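The values are calculated or read from the model by the stated rules, or taken from the named source; none is laboratory data. In this text, all values refer to a predicted model and were calculated from it rather than measured experimentally. With ideal geometry, Cβ positions are generated from the backbone for all residues, glycine too; neighbour counts draw on all protein chains shown.
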Amino acid sequence: MTDAAIDPNASASADDVAILDVRQLKKHFAIRNPWGWRTGSLKALDDVSFTVRRGEILGIVGESGCGKSTLGKTLMGIHQPTDGSIVFEGNDIAGLSPSASRDLRRHLQYSYQDPGASLDPRWKIRRALHEPLVVHTDFGYDERERRVRDILQAVGLPAGHLDLYPHEISGGQQRRVGLARILTLHPSLIVLDEPTSGLDVSVQATILKLFLDLQKQFNLTYLFISHDLSVVRMICDRIAVMYLGKVVEFGDTETVFESPRHPYTQSLLAAIPDIGGRRITDTFLLEGEPPNPGDLPSGCRFRTRCLMAQPRCAESEPELRTDWPDQQAACFFAE
């Protein structure tokens, strides 16, 4: 882990430090009535800013519906941002058309939660791995085949799998094929969206080790989206905690886990299962359901579930405070 002070709202000083710089990113979805008239907006991402350092693993955590996957898909251009900038390797790719950003985005790849769904069931693995190279390069068949075989070996699969269909291999093997497909383009940053979900514990451990091995071998940077805090603590250098489209805490992983500042982060960590039962801490567990994202409360959006809430919390929305080394939290009363 790095020792530099954390400031997700400040640009890195050099391109070799920051590979991705996200500034005030917003993604709002229209809410329409049965007649198609717009009646409001769902703020899936609302003024999100952070920097990813080259070579690190940045974790994005939070409850379901907090905006984690929307963030990853907006970075990839699957969703067009409503506002803000996404500077990847020195180029602002926010809002670019697919054709204009194709060459830039080949170095920014996305790994889906369900790897099987991202593979065409009618294609054998060989064709699925050749396809990115057909689209993004002018390689001939022999050169594509050499790269595909090298990458398949790197993710720990035999060449014989090239002649199989996706349904003929296991979920863990599909995950490896999905990674191989991404790595054929030699990306520099990969967005991993719930990369261990649906896998047995033993397979999870194997896949996580594979991520770390591939990171060293291919000089990769990861944006690691997950709800599994135990895995995040084990693999990530820094983490961003999201709640209803906002980053509410940001910092070095061990610092956040040892001394969480935001009450939402404290609640998430208090809910981590421990040996012998649920861990009991001095912090509190989450109560109730998150507010309707299409009708957010005034001020702090966590106040309706927060035991520390005071009148000030309803009057204005807290910004990320930089009162602690290697850590920030968006709470008026964090200590």
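What the table shows:
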read-out: Complete set of residues in segment 125-148 that are of a type in the set (Lys, Arg), surrounded by fewer than 17 Cβ atoms within 10 Å (Cβ to Cβ) and under 21 Å from GLN173 (Cβ atoms); value: ARG127
read-out: Qualifying positions in segment 275-312 - touching a strand residue (DSSP E or B) at 6+ places or on another chain (Cβ under 9 Å), closer than 19 Å to THR265 by Cβ and modelled with pLDDT under 90; value: ARG279, ILE280, LEU285, PRO290
read-out: Options ARG53, ARG38, ARG102; residue that is of a type in the set (D, E, K, R), farther than 22 Å from ILE182 by Cα and out of contact with any Leu (no Cβ under 7 Å at 6 or more places or on another chain); value: ARG38
read-out: From the options SER111, SER85, residue that is under 30 Å from LEU199 (Cβ atoms) and in contact (Cβ under 8 Å) with a residue 60 or more places away in the chain; value: SER111
read-out: Evaluation of ALA159 against (1) touching a residue at least 12 places away in the same chain (Cβ under 8 Å); (2) surrounded by fewer than 19 Cβ atoms within 10 Å (Cβ to Cβ); (3) under 15 Å from HIS130 (Cβ atoms) (one fails), failing number; value: (1)
read-out: Boolean, VAL52 is surrounded by 20 or more Cβ atoms within 10 Å (Cβ to Cβ), β-branched (Val, Ile, Thr) and without any contact (Cβ under 8 Å) to a residue 40 or more places away in the chain; value: no
read-out: Of the criteria (1) under 23 Å from GLY55 (Cβ atoms); (2) touching a Gly at 6+ places or on another chain (Cβ under 7 Å); (3) not basic (Lys, Arg), which one SER101 fails; value: (1)
read-out: Exclusive hit being under 30 Å from GLN153 (Cβ atoms), in contact (Cβ under 8 Å) with a residue 24 or more places away in the chain, out of contact with any Pro (no Cβ under 9 Å at 6 or more places or on another chain) and not small (Gly, Ala, Ser), set THR196, THR253, THR265; value: THR196
read-out: Checklist (1) under 20 Å from the mean Cα position of the chain (by Cα); (2) surrounded by fewer than 17 Cβ atoms within 10 Å (Cβ to Cβ) applied to THR82, failing item; value: (2)
read-out: In segment 211-223, residue nearest to the chain's Cα centre (by Cα) [restricted to those that are surrounded by fewer than 18 Cβ atoms within 10 Å (Cβ to Cβ) and hydrophobic (A, V, I, L, M, F, W, C)]; value: LEU212
read-out: Qualifying residue in segment 111-120 (condition: more than 14 Å from the chain's Cα centre (by Cα) and aliphatic (A, V, I, L, M)); value: yes
read-out: Selection from segment 224-240 of residues that are over 12 Å from the mean Cα position of the chain (by Cα) and among the β-branched types (Val, Ile, Thr); value: VAL231, ILE235
read-out: Test for GLU315: is it closer than 30 Å to GLN215 by Cβ, surrounded by fewer than 14 Cβ atoms within 10 Å (Cβ to Cβ) and at pLDDT below 95; value: no
read-out: Any hit, segment 190-208, residues being in a helix (DSSP H, G or I), modelled with pLDDT of 90 or more and not aliphatic (A, V, I, L, M); value: no
read-out: Some residue of segment 176-194 being closer than 30 Å to LEU320 by Cα and surrounded by fewer than 17 Cβ atoms within 10 Å (Cβ to Cβ); value: no
